[in-house]
Structure formats: C-alpha cells, structure tokens
Amino acid sequence: MKNNPKDVRFEDLKKLLVSHGYEPNNTGGSHWVFRKDGCSDEVVPYKKPVKAYYVIRALKSLGVYDEE
C-alpha cells in the first residue's frame, strides 16, 4: 500500500487504520470517519478503489509514508 497507493480496497485501508487505534464511524452515508484521540479525523469515502489521495493522507497520519 505504501509503495503503490493506487487501487487500494476500502476494506484494506479500514483494517490498517483500525490496527493503529482509529475507531471507524459510519452513519449510513458514503463517507467513513476514523477517529483517534490526539489525532485529526481521517475521512474516507467508501469507494472501490480508494483514491490515492486518501491512502497517502492516511499513511502520512500514521507516520509511515515518506514523500519522495
């Protein structure tokens, strides 16, 4: 995912965020909000595949993405 942020499934990104302590929240709309104390919320649209912008943004918030 870090090497190729394109074509990432929503389920995979959700699993990654949850494994890092984010709580998923969906009120029935097309977007999911992932919350963690002390961190900014990550808003991700439920779409397959997830656009690279959202994947990169989530990876940066986790501190696992280095800009090249």
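Here, each number is a calculation from the coordinates, and none is a lab measurement. Predicted, not measured: the structure shown is a model, and the values here were computed from it. Note that each Cβ is placed from the backbone with ideal geometry, even for glycine, and that neighbours are counted across all protein chains shown.
Some observations on this one:
- Any chance LEU59 is in contact with a Pro (Cβ under 8 Å, 6 or more places away or on another chain) and among the hydrophobic types (A, V, I, L, M, F, W, C): yes
- Given (1) in a loop (DSSP other than H, G, I, E, B); (2) within 20 Å of ASP66 (Cα to Cα); (3) not aliphatic (A, V, I, L, M), index of the condition LYS47 fails: (2)
- Each residue in segment 6-33 was checked for being aromatic (Phe, Trp, Tyr), without any contact (Cβ under 8 Å) to a residue 24 or more places away in the chain and in contact with a Pro (Cβ under 9 Å, 6 or more places away or on another chain), and 1 of them qualify.
- Residues satisfying the stated conditions in segment 50-68, i.e. outside any loop (DSSP other than H, G, I, E, B) and either under 17 Å from LYS15 (Cα atoms) or in contact with a Leu (Cβ under 7 Å, 6 or more places away or on another chain) (or both): VAL50, ALA52, TYR54, VAL55, ILE56, ARG57, ALA58, LEU59, LYS60, SER61, LEU62
- When ALA52 is tested against (1) touching a Pro at 6+ places or on another chain (Cβ under 6 Å); (2) loosely packed, with under 11 Cβ neighbours inside 10 Å, exactly one condition is not met: (2).
Results for (1) closer than 20 Å to LYS2 by Cβ; (2) of a type in the set (A, V, I, L, M, F, W, C), shown as yes or no for each residue.
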| site | (1), (2) |
| --- | --- |
| LYS14 | yes, no |
| HIS20 | yes, no |
| GLU23 | no, no |
| THR27 | no, no |
| CYS39 | yes, yes |
| LYS48 | yes, no |
| TYR53 | yes, no |
| LEU59 | yes, yes |
| GLY63 | yes, no |
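- Unmet requirement for PRO24, which otherwise passes all of (1) outside any strand (DSSP E or B); (2) surrounded by 11 or more Cβ atoms within 10 Å (Cβ to Cβ); (3) of a type outside the set (Val, Ile, Thr): (1)
- The lone criterion from (1) loosely packed, with under 13 Cβ neighbours inside 10 Å; (2) touching a helix residue (DSSP H, G or I) at 6+ places or on another chain (Cβ under 9 Å); (3) assigned to a helix (DSSP H, G or I) left unmet by LYS6 is number (3).
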